[in-house]
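Novice: Sending over a structure as structure tokens; questions will come in a sec.
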Amino acid sequence: MDEPQIRDADGEDAPRRRRRRRLPRWLVWTGRLLFVVVAVSVLTPLVVGWRVWYEARQDDRPRSDAIIVLGAAQYDGRPSPYFEARLRHAYSLYRDGVAPKIVTVGGKQEGDRVTEAAAGRAFLVRLGAPAADVVAVETGRDTLQSMIAVGGAYRERGWDSGVVVTDPWHSLRSNKMAQDNGIEAVSSPTRSGPSVRTRDTQFHSIVRETGGYLYYVLLGRSRHTM
């Protein structure tokens, strides 16, 4: 007995079963892998950028062993506007009793006669900080070198905790480097100076620091020596 034919709406014979064409397994897994790579590549910078923004808005002032002021440009002993804003904020924290000592950080750039740390120390003394309470760590041409040097100074003095003073957008990376060098670090960033004056400056700073933080976490730690 012949099997009945299945016909479509136009009366044409239709296949009883349409078989789905299955993709090769390797192609399926390649597609999934590419999706994960793209998702991570997009989401990771977004998450880190949010963390940079969030950390910039924090202002922690626990009683600590020292206030750590990260260096910036100076001109023959005169702090740049960026550096001066940090130093004035650090002095305000010192007067409020946040810590009994201030640590200024930074070595010489090419052509400098004075280190950033020495210029910062002299400025703080002029503001009114006792010279004995300001420690200049005159080493480092970038944040990581400086934090390695500060970690060494901390171990020599038996200190543990510190409040890091820098520009807001620099706080996340600075804290991470300080913690990796044995310092129980929090941040109290400056709220004045060129780094916070315009939205455009803030946006570009967040983008730059997002890249800087990712570079440090992925590659920069190879330079970290405690």
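Novice: Kindly evaluate GLY158 against the criterion of being on the phi > 0 side of the Ramachandran plot and in contact with a strand residue (DSSP E or B) (Cβ under 8 Å, 6 or more places away or on another chain).
Specialist: Here the answer is no, as GLY158 does not meet what is asked.
Novice: Consider the stretch 185-210. How many of its residues are open to solvent by 40 Å² or more (accessible area, probe 1.4 Å) and of a type in the set (Gly, Ala, Ser)?
Specialist: Matching residues across the stretch 185-210 total 1.
Novice: Okay, next question. Considering VAL98, VAL134, VAL105, which residue is open to solvent by less than 20 Å² (accessible area, probe 1.4 Å), under 22 Å from the mean Cα position of the chain (by Cα) and β-branched (Val, Ile, Thr)?
Specialist: The match here is VAL105.
Novice: Just to be sure I understand, how many residues within the stretch 55-85 are under 16 Å from GLU138 (Cβ atoms) and either part of a loop (DSSP other than H, G, I, E, B) or open to solvent by 50 Å² or more (accessible area, probe 1.4 Å) (or both)?
Specialist: 6
Novice: State all residues of the stretch 88-102 that are of a type outside the set (Gly, Ala, Ser) and either out of contact with any helix residue (DSSP H, G or I) (no Cβ under 6 Å at 6 or more places or on another chain) or under 13 Å from ASP142 (Cα atoms) (or both); if no residue qualifies, say none.
Specialist: Hits for the stretch 88-102 are ARG88, HIS89, LEU93, TYR94, ARG95, ASP96, VAL98, PRO100.
Novice: Moving on to the next point. Within the set of pairs 6+ apart or on separate chains, which have a first residue in the stretch 83-100 that is without any contact (Cβ under 8 Å) to a residue 40 or more places away in the chain, a second that is assigned to a helix (DSSP H, G or I) and surrounded by fewer than 18 Cβ atoms within 10 Å (Cβ to Cβ), and C-beta atoms under 9 Å apart?
Specialist: TYR91/LEU127; TYR94/ASP133; PRO100/ASP133
Novice: Now for a different question. Out of ALA90, ALA119, report the one residue that is farther than 23 Å from SER161 by Cα and of a type outside the set (Val, Ile, Thr).
Specialist: Only one candidate qualifies: ALA119.
Novice: Determine whether ARG141 is under 18 Å from the mean Cα position of the chain (by Cα), closer than 18 Å to ARG61 by Cβ and part of a loop (DSSP other than H, G, I, E, B).
Specialist: It is false that ARG141 is under 18 Å from the mean Cα position of the chain (by Cα), closer than 18 Å to ARG61 by Cβ and part of a loop (DSSP other than H, G, I, E, B).
Novice: Could you count how many residues in the stretch 109-124 are open to solvent by less than 60 Å² (accessible area, probe 1.4 Å) and closer than 16 Å to GLU84 by Cα?
Specialist: Number of matching residues: 10.
Novice: Within the stretch 144-184, how many residues turn out to be outside any helix (DSSP H, G or I) and open to solvent by 30 Å² or more (accessible area, probe 1.4 Å)?
Specialist: 5
The values are calculated or read from the model by the stated rules, or taken from the named source; none is laboratory data. The shown structure was predicted, so the numbers you read here are calculated from the model rather than taken from an experiment. Don't worry about glycine lacking a Cβ; one is built from the backbone with ideal geometry, like all the others, and counts go over all protein chains shown. Keep in mind that these areas ignore ligands, DNA and RNA; they rest on the heavy atoms of the full protein, side chains included. Shrake-Rupley method; radii C 1.70, N 1.55, O 1.52, S 1.80 Å.
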